[in-house]
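I have placed the structure first, in the form of structure tokens, so that the comments after it can refer back to it.
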Amino acid sequence: THLINMTDKHIKLTWPAFAKIRDRWKGRVELQGVSLVALSFFRDEDAARKLADVVAEHGGLLGAAVCCAEQGGMPEDDWTTCDKDRDLLLDRIFTLAKERNLDIDFHTDENGNELARGLRYVAEKTLKYGYQGRVVCGHCCSLAYQPEHELRRTLAVAAKAGVTVVSLPLVNQWTQDRHGAGGRTPRWRGITLLHEARQAGVPVAIASDNTRDQFYAYGDLDMLEVFNQGCRMAHLDRPYGTWVQSVTSTPANAMHVFDHGRIRVGCPANFIIFPTARRYSELLSRPQYDRIVVRNGSPIDTELPSYEELDYIPNAVLKGQVPSSEVSYDRVSGAVIWKTRVASSDPHPVEKRGHAMVSNIVLKKSLEYVNSTNTAMMHNTIGILQKVEWIVFLIVTFYLIQYT
């Protein structure tokens with residue numbers, strides 16, 4: 001999972017919180033934390049070194065977004081492309097990681113720009129620093145827009161470097177080619193070239209990325225759903241062959257947990273049985289709520305929690321000690337409703353409606369604001385979340401994992 005680390009406050013908050021959750025779920029869920037910053041973050045050598053030290057202290061992975069902005073790959077993107085000093089910044093990342101023996105995870109090319117070639121830049125540095133098999137690149141959407149000769153060049157160096165490409169079919173189909181004002185059907189699927197990458201010898205995995213947040217409004221952290229939708233979006237059928245490895249052994253290899261994602265003598269007896277599905281067409285046609293989850297050789301008796309049970313409200317919010325916000329939508333007008341309590345001195349009392357904490361302060365935005373999800377709303381929502389304790393997001397996310 002990726003922890004937003006663009007500021008000192010982010011770093012100080014997310015890593016201790018993540019460490020507590022990881023310890024709590026040890027033996028049941030394998031959690032690995034990745035520091036997520038823009039490539040330009042590494043221009044500050046002191047901040048970069050301090051971040052790498054924190055990541056090493058908590059046993060995490062170093063990460064960055066490369067050619068990943070809306071204008072990723074273009075000269076005007078000085079946030080994640082950094083044309084003028086990209087080589088220096090990537091060298092700095094690999095040097096910091098190698099000095100501390102850290103694996104690296106990159107967000108790359110999350111756009112439809114032909115000039116976005118972050119995967120290639122990362123793969124070349126992977127070879128330079130002898131980091132084969134220790135680097136993951138997520139998204140890689142722009143591969144679909146690469147000219148054939150450029151595509152072959154990128155995939156060849158990625159395969160040689162042993163970079164694992166992780167596609168996020170759910171979120172990328174939802175976000176890519178989305179028109180800010182709405183009213184336009186997307187022209188492309190947004191996912192990377194899974195077939196071509198695997199044929200070139202690149203390890204390929206698929207995952208869920210975001211779940212019910214500003215980047216992807218749906219999902220339940222169910223890897224069967226991820227595989228199901230991945231098969232449909234990327235045509236991973238006829239034959240299905242070994243594509244199931246993209247959600248089992250391949251990601252386990254990338255995480256260096258080699259006793260996960262496979263069934264063999266000597267591995268823990270952890271697997272899922274789908275008792276009513278006799279073939280892939282049946283497995284991928286229903287949600288399979290009757291699945292049997294086996295842990296350490298024994299089935300566990302656990303039901304999916306209600307959404308009310310997943311509503312987590314920190315004591316600090318209940319006491320009015322930190323800002324709290326709730327965003328909802330008017331079903332008739334489509335307007336977004338933002339309800340918030342600013343501080344403990346706020347004269348408007350916090351109300352409890354069901355399991356949601358709101359206040360009497362209501363700000364209504366226009367339908368135009370709602371429809372600009374891919375641009376203004378995303379950035380505004382990120383700003384709101386940065387003001388609220390990130391631990392809320394982490395705890396809710398990892399609480400969901402046990403039921404998938």
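Let me spell out the model: positive unit charges on the Cβ of Lys and Arg, negative unit charges on the Cβ of Asp and Glu, origin at the Cα centre of segment 144-221. What dipole size does that give, in debye rounded to 20?
The dipole of segment 144-221 has a size of about 160 debye.
Write out the trypsin sites (Lys or Arg not before Pro) in segment 1-63 meeting two conditions: DSSP loop, and at most 11 other Cβ atoms within 10 Å of their Cβ.
Answer in residue order: 26.
Which order, highest average first, do 269-280, 122-133 follow once you tally other Cβ atoms within 10 Å for each residue and take the mean per peptide?
Highest-to-lowest ranking by the protection proxy: 122-133, 269-280.
Is the C-alpha gyration tensor of segment 2-267 telling us rounded, prolate or oblate? Criteria: a/c under 1.5 is rounded; beyond that, a/b larger than b/c is prolate, otherwise oblate.
rounded
Considering only protein heavy atoms, what is the solvent-accessible area of residue 23 at a probe of 1.4 Å, reported in Å² to the nearest 10?
For residue 23, solvent-accessible area is about 100 Å².
Along the charge dipole of segment 1-89, which of 11, 79, 67 sits closest to the positive end, that is, farthest toward it, with unit charges on the beta carbon of Lys, Arg, Asp and Glu (+1, +1, -1, -1)?
11
At q = 0.12, 0.21, 0.25 Å⁻¹, what base-10 log of I(q)/I(0) does the Debye formula yield for segment 209-304 when every alpha carbon is treated as an equal point scatterer in vacuo?
Debye intensities relative to I(0), on a log10 scale: -0.46, -1.37, -1.47.
Whole angstrom only: what separates the Cα centroid of segment 158-215 from the Cα centroid of segment 268-292?
So the separation of the two Cα centres works out to 25 Å.
Could you list the trypsin sites (Lys or Arg not before Pro) in segment 194-233 that lie in coil according to DSSP, counting only those with at most 16 other Cβ atoms within 10 Å of their Cβ?
Here the trypsin sites (Lys or Arg not before Pro) that fit, given the DSSP loop and packing criteria, are 212.
Using a Förster radius of 22 Å, what is the FRET efficiency between residue 195 and residue 150 based on their Cβ-Cβ separation? Nearest 0.05, please.
So the FRET efficiency works out to roughly 0.80.
Return the loop-located GluC sites (Glu not before Pro) in segment 282-314 (DSSP other than H, G, I, E, B) with at most 15 other Cβ atoms within 10 Å of their own Cβ; answer none if there are none.
303
If you stretched the chain out fully between residue 181 and residue 303, how much longer would it get, using 0.36 nm times the residue separation minus the C-alpha to C-alpha distance?
So the chain would gain 39.9 nm between residue 181 and residue 303.
Taking a threshold of 25 Å on the Cα-Cα distance, which of the pairs 26/50; 84/125; 26/160; 98/160; 12/125 fall above it?
Among 26/50; 84/125; 26/160; 98/160; 12/125, the Cα-Cα distance tops 25 Å for 26/50; 26/160; 12/125.
The values are calculated or read from the model by the stated rules, or taken from the named source; none is laboratory data. For clarity, every value in this text was computed on a predicted model and none was experimentally measured. FYI the Cβ positions are ideal-geometry reconstructions off the backbone, even for glycines, and counts take in every protein chain you see. Keep in mind that these areas ignore ligands, DNA and RNA; they rest on the heavy atoms of the full protein, side chains included. Shrake-Rupley method; radii C 1.70, N 1.55, O 1.52, S 1.80 Å.
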